[in-house]
Structures are given as C-alpha cells and as structure tokens.
1. Which pairs do you get when a residue that is modelled with pLDDT of 95 or more, found in region 31-60, comes within reach of a residue that is surrounded by fewer than 17 Cβ atoms within 10 Å (Cβ to Cβ) and part of a strand (DSSP E or B), reach meaning Cβ atoms under 8 angstrom, with the pair 6+ apart or on two chains?
2. Would you check if there is a residue in region 190-198 being modelled with pLDDT of 95 or more, of a type in the set (A, V, I, L, M, F, W, C) and under 21 Å from His5 (Cβ atoms)?
3. Going through region 166-190 one residue at a time, which ones are of a type outside the set (Gly, Ala, Ser) and in contact with a helix residue (DSSP H, G or I) (Cβ under 8 Å, 6 or more places away or on another chain)?
4. Can you tell me which residue in region 142-159 is surrounded by the most Cβ atoms within 10 Å (Cβ to Cβ), limited to those that are among the aromatic types (Phe, Trp, Tyr) and within 14 Å of Phe4 (Cα to Cα)?
5. Check Ala25, Ala65, Ala15 and return the single one that is in contact with a Leu (Cβ under 8 Å, 6 or more places away or on another chain), crowded, with 21+ Cβ neighbours inside 10 Å and either at pLDDT below 95 or not β-branched (Val, Ile, Thr) (or both).
6. Suppose the filter is buried (at least 21 other Cβ atoms within 10 Å of the Cβ) and either in contact with a helix residue (DSSP H, G or I) (Cβ under 6 Å, 6 or more places away or on another chain) or not β-branched (Val, Ile, Thr) (or both); does Pro38 pass it?
7. Of all residues in region 50-76, which are assigned to a loop (DSSP other than H, G, I, E, B) and within 17 Å of the chain's Cα centre (by Cα)?
8. Out of Ala47, Ala86, Ala30, Ala95, which single residue is assigned to a helix (DSSP H, G or I) and not hydroxyl-bearing (Ser, Thr, Tyr)?
Amino acid sequence: MKTFHLSYDYRCPFAKNIHLHVIEALRGGADFSITFVPWTMGQGHRAEGAPDVWADPKQDSANLALAVSASIRDQQPDHFLAAHEALFRARHEQAIRLSTIEQIEGVLAPLGVDMDAVTADLATRRPFDVLGESFAFMSQFEAFGVPTFVVNNDATFVRYMKPPTGDAQASTAIISSLVTMMEEQIDVNEFKHTKVPN
C-alpha cells in the first residue's frame, strides 16, 4: 500500500492533473491510502499585516470551493471523490469560478451532495478553520504550492503535465512510480525537463 498526504487547490491546473490521476487510480482499485489536504494558494499573496485568508470573510469567495471540499471530505466522505473531480473539472474545463455557493451547488447537487449540510457547516466556519490547520500542516514541510505529496514525513512538489486518459492502470502506474521515487530516492531534490514535451 502507498500511503501519503496530497495537497490541492482547485485553482491550480497541475493539481487538477495529479488529482484526476489519483481519482482514476482509486476507482480502478489502486492500493493507496491518501489524506487529501486543502491548501489555499491565496495565503502567500495576502497583503502584509492582513489576516490569514481562512480567517478573513473578505477572502471567503476565493476559498469557498476548498472550504466546501473540506466539509464534504469530513462529513460526507462517500461523496468526496466525485465532488473533488467535479470541482476540478468545473474550474478548468467549464471555466466556472466556484466563487459562489450557487455555482458550487450547481456542480455538486446533481452528485447527491447534501448542500444544506455543507451550508450549515460553512456557517460555523469550521471548514475555513480546517484550511488553516491544513496550511499549518503543510508549512512544517515548507510547502510552497500544489500538488505537494507528503511521504514518510518528507514533502515533494510535483508538476505533472497531462490529465488521465481513462486508463486506471496507467494512472496507478504514474502515481505509484512517483511515490516510490519519493520513498526510495530522497536525495533527488529536483528533477525537471528543460522544456515542455509536445
């Protein structure tokens, strides 16, 4: 079994690629144990002296999809993978900004997500607190972006260029090979092609 944490922000296309591969692999029966970690990219861009973005209601729209996903992950886990995929696809394939609850409900309600329960959870601000806790967790590894894997108490940022093709075995092989490298080749600090492949 491959066990790891994996961060995400729905605004990042590279997070989309890796997470769709992970979802494809899990649906194909991959032996992965994953903790999905919402990580807001907005925290690093806040003005000096401004409050943390998860504690600032003025920033709620930018972090709403993440907060909704945290609610579903924690309170409706059977719906999480479908919701996770749908939110990534809505943002990057349908150009839905996911900045209002109406936009998000339009994406998730057809999947059977209880949006009344999500809205009630958001009203307590618990899911926004989760964003803060998740950011603190990733900060101990000096994480700077998404997607970042945490394997054996070591973090690795990955930029994967292509989404899955519908082949669960191929997606499983991609994720397994990445995690194996993280487990076994900890001295590899940077591995990057000098140009984007065609």
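1. Phe32/Thr3; Ser33/Thr3; Ile34/Thr3
2. Among the residues of region 190-198, not one is modelled with pLDDT of 95 or more, of a type in the set (A, V, I, L, M, F, W, C) and under 21 Å from His5 (Cβ atoms), which makes the answer no.
3. Asp167, Thr172, Ile174, Ile175, Val188
4. At the first step, the residues of region 142-159 found to be among the aromatic types (Phe, Trp, Tyr) are 144, 149, 157.
Filter once more, so that each one left must be within 14 Å of Phe4 (Cα to Cα): 149, 157.
Details: Phe149: 23, Phe157: 15.
Filtering first and then ranking leaves Phe149.
5. Just a single option satisfies the conditions, and that option is Ala65.
6. So Pro38 passes the test.
7. First, the residues of region 50-76 that are assigned to a loop (DSSP other than H, G, I, E, B): 50-52, 56, 76.
Of everything in region 50-76, just one residue is assigned to a loop (DSSP other than H, G, I, E, B) and within 17 Å of the chain's Cα centre (by Cα), namely Gln76.
8. So the residue among Ala47, Ala86, Ala30, Ala95 that is assigned to a helix (DSSP H, G or I) and not hydroxyl-bearing (Ser, Thr, Tyr) is Ala86.
The values are calculated or read from the model by the stated rules, or taken from the named source; none is laboratory data. For clarity, every value in this text was computed on a predicted model and none was experimentally measured. Cβ atoms come from the backbone with ideal geometry, glycine included; neighbour counts cover every protein chain shown.
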